[in-house]
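Before any comments, here is the structure.
The values are calculated or read from the model by the stated rules, or taken from the named source; none is laboratory data. Please read these numbers as outputs of a predicted model, since none were measured by experiment. Ideal geometry is used to build each Cβ from the backbone, glycine not excepted, and the neighbour counts take in all protein chains shown. Heads up: the accessible areas ignore ligands, DNA and RNA and are worked out on the full protein's heavy atoms, side chains in. Shrake-Rupley method; radii C 1.70, N 1.55, O 1.52, S 1.80 Å.
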Amino acid sequence: QAQVVESGGGLVQAVGSLRLSCIHFGIIFGIIAAAWYRQGPGKERELAASITAGGNTSYADSVKGRFSISRDHDWKQVNLRMNKLKHEDTALYFCKLKHRGAEYWGQGTQVTVSS
């Protein structure tokens, strides 16, 4: 059974950095894209960053220039590097892997930024 697991969250001071990682189990091949979503307190889930098989990346305006999404060549790990963190970046961060036939989500990793 496919499983997506995020890690790397934690408590960090404003302007600090964190790196989130996403790995998966049970998905042998066929991943074509990945994304990091986040859901802050009292807010709806929003797309933070995404990456395609061709390496094209896209970012929400609120994180552009501060966050960087990357992956290894065989999709074993997808990372989100977050720099210059702000209090408003506080959220539960989710990894989504898009497969040819389905989408897989993790349970999320909490990022808390103290001001």
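Go through (1) part of a loop (DSSP other than H, G, I, E, B); (2) touching a Phe, Trp or Tyr at 6+ places or on another chain (Cβ under 8 Å) one by one and return the number of the condition Asp61 breaks.
In the conditions (1) part of a loop (DSSP other than H, G, I, E, B); (2) touching a Phe, Trp or Tyr at 6+ places or on another chain (Cβ under 8 Å), Asp61 misses (2) alone.
Regarding Ser70, is this residue small (Gly, Ala, Ser), farther than 14 Å from Lys98 by Cα, part of a strand (DSSP E or B) and at pLDDT 95 or above?
Details: small (Gly, Ala, Ser): yes; farther than 14 Å from Lys98 by Cα: yes; part of a strand (DSSP E or B): yes; at pLDDT 95 or above: yes.
Criteria met by Ser70.
Taking the range 6-51 as the region of interest, how many residues are among the β-branched types (Val, Ile, Thr), in a strand (DSSP E or B) and open to solvent by 50 Å² or more (accessible area, probe 1.4 Å)?
Our first condition is that a residue be among the β-branched types (Val, Ile, Thr); within the range 6-51, this holds for 12, 15, 23, 27-28, 31-32, 51.
Next cut, in a strand (DSSP E or B) only: 12, 23, 31-32, 51.
Narrowing further to those that are open to solvent by 50 Å² or more (accessible area, probe 1.4 Å): 23, 32.
Summing the residues that are among the β-branched types (Val, Ile, Thr), in a strand (DSSP E or B) and open to solvent by 50 Å² or more (accessible area, probe 1.4 Å) in the range 6-51 gives 2.
Condition check ((1) within 14 Å of Thr109 (Cα to Cα); (2) in contact (Cβ under 8 Å) with a residue 24 or more places away in the chain; (3) of a type in the set (S, T, N, Q)) across all residues:
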position: Gly10; (1), (2), (3): yes, yes, no
position: Ala14; (1), (2), (3): no, yes, no
position: Gly26; (1), (2), (3): no, yes, no
position: Ala34; (1), (2), (3): no, yes, no
position: Ile51; (1), (2), (3): no, yes, no
position: Ser62; (1), (2), (3): no, yes, yes
position: His73; (1), (2), (3): no, no, no
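Go through the range 52-87 residue by residue and tally those that are on the phi > 0 side of the Ramachandran plot and surrounded by fewer than 20 Cβ atoms within 10 Å (Cβ to Cβ). It would help to see each step written out before you state the result.
Of all residues in the range 52-87, those on the phi > 0 side of the Ramachandran plot come to 55, 65, 75, 84.
Okay, now just the ones that are also surrounded by fewer than 20 Cβ atoms within 10 Å (Cβ to Cβ), so 55, 65, 84.
Number satisfying all stated conditions: 3.
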